[in-house]
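Asks: This is the structure, below, for whatever I ask next.
The values are calculated or read from the model by the stated rules, or taken from the named source; none is laboratory data. Predicted model, so just to flag it, every value in this text is computed and none were measured. Cβ sites come from the backbone with ideal geometry, for glycine too, and all protein chains shown count toward neighbours.
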Amino acid sequence: MIPLRDTIPHRRPPLMTWAIILANALVFAYELSLPPRALQALFFEFGIVPSRLLRPQGLLPGVPGPGYLSFLTSMFLHGGWAHIIGNMWFLHLFGDNVEDRMGHLRFLLFYLLSGLLAGIIHCWTNAHSALPTIGASGSIAGVMGAYLVLYPHSRIITLVPVLFYPVFFEIPAFLFLFFWFLTQLMNGSLALVSREAFAGIAWWAHVGGFLAGIVLQLFFVRSRGYHRYYFETEFDPW
């Protein structure tokens, strides 16, 4: 399933959402300029490495890193084109409406706090990992959690390829987001049993970020204003 858009237009330009996307794009452009060894070193230095953060004298002597600032720096690093495009698309899809309800600066703080809590949950559930974790998905999961609370009756226009033929569905936001969260929770639980089979994705960062967003939005939403939904005739999937 590929989410294309929701049925709620933003009322104000989502300047902070655009700024976050631009910042990630610029950092990714810098990553593309690095040779493989330098890129790997960048990930280890500025990504979240749980064993280094929880046991500073542990598994990675000689690798400096930014210490606890890696909770912040890791949010702007991505491991490839699919990684950054997927993350930025979800941020674009859900971030504008959440920013509408919070305002620009509140949204930025909410985004960063969600990512921080997601990173803490990841460290707690992967305490012995010496691998760097990078990406904005924990923060974006927080945005999705807030969206679930703020716009449960919105609809997500979703593309489902069927034998190479595009089929479009309108899926209620609460159903789309609940299914996404359930998938992360199930995979995260399986990863605790078989880390090799489910390695490579920070499932518990997604779970932690999503739950953080549900709670944090209570402190960041400015109002419970009215939002207009699209009529069916207004939507053009292309």
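Asks: Looking for something in a helix (DSSP H, G or I), within 20 Å of ILE20 (Cβ to Cβ), in contact (Cβ under 8 Å) with a residue 12 or more places away in the chain and not basic (Lys, Arg) - is there at least one such residue anywhere in the range 150-171?
Replies: Within the range 150-171, one or more residues are in a helix (DSSP H, G or I), within 20 Å of ILE20 (Cβ to Cβ), in contact (Cβ under 8 Å) with a residue 12 or more places away in the chain and not basic (Lys, Arg).
Asks: When you scan the range 157-193, how many residues do you find that are surrounded by 20 or more Cβ atoms within 10 Å (Cβ to Cβ), within 14 Å of ASP6 (Cβ to Cβ) and in contact with a Ser or Thr (Cβ under 8 Å, 6 or more places away or on another chain)?
Replies: Of the residues in the range 157-193, 2 are surrounded by 20 or more Cβ atoms within 10 Å (Cβ to Cβ), within 14 Å of ASP6 (Cβ to Cβ) and in contact with a Ser or Thr (Cβ under 8 Å, 6 or more places away or on another chain).
Asks: Helices (runs of 4 or more DSSP H) wholly in the range 30-139 with at least 3 residues that are free of Cβ contacts under 8 Å to residues at least 24 places away in the same chain and out of contact with any His (no Cβ under 8 Å at 6 or more places or on another chain) - which ones?
Replies: Once the helices (runs of 4 or more DSSP H) in the range 30-139 are filtered for at least 3 residues that are free of Cβ contacts under 8 Å to residues at least 24 places away in the same chain and out of contact with any His (no Cβ under 8 Å at 6 or more places or on another chain), what remains is 36-46, 81-102.
Asks: What's the number of the only condition in (1) within 23 Å of ALA202 (Cα to Cα); (2) surrounded by 13 or more Cβ atoms within 10 Å (Cβ to Cβ) that LEU32 fails to meet?
Replies: (2)
Asks: Among the residues of the range 189-203, is any among the aromatic types (Phe, Trp, Tyr) and either in contact with a helix residue (DSSP H, G or I) (Cβ under 9 Å, 6 or more places away or on another chain) or modelled with pLDDT of 95 or more (or both)?
Replies: Within the range 189-203, one or more residues are among the aromatic types (Phe, Trp, Tyr) and either in contact with a helix residue (DSSP H, G or I) (Cβ under 9 Å, 6 or more places away or on another chain) or modelled with pLDDT of 95 or more (or both).
Asks: Continuing with this model, one more query. For ALA146, work out the one condition from (1) surrounded by fewer than 23 Cβ atoms within 10 Å (Cβ to Cβ); (2) of a type in the set (A, V, I, L, M); (3) touching a residue at least 12 places away in the same chain (Cβ under 8 Å) it doesn't fulfil.
Replies: Only one criterion is unmet by ALA146, namely (1).
Asks: Any residue at all in the range 172-189 that is at negative phi and in a loop (DSSP other than H, G, I, E, B)?
Replies: No: zero hits.
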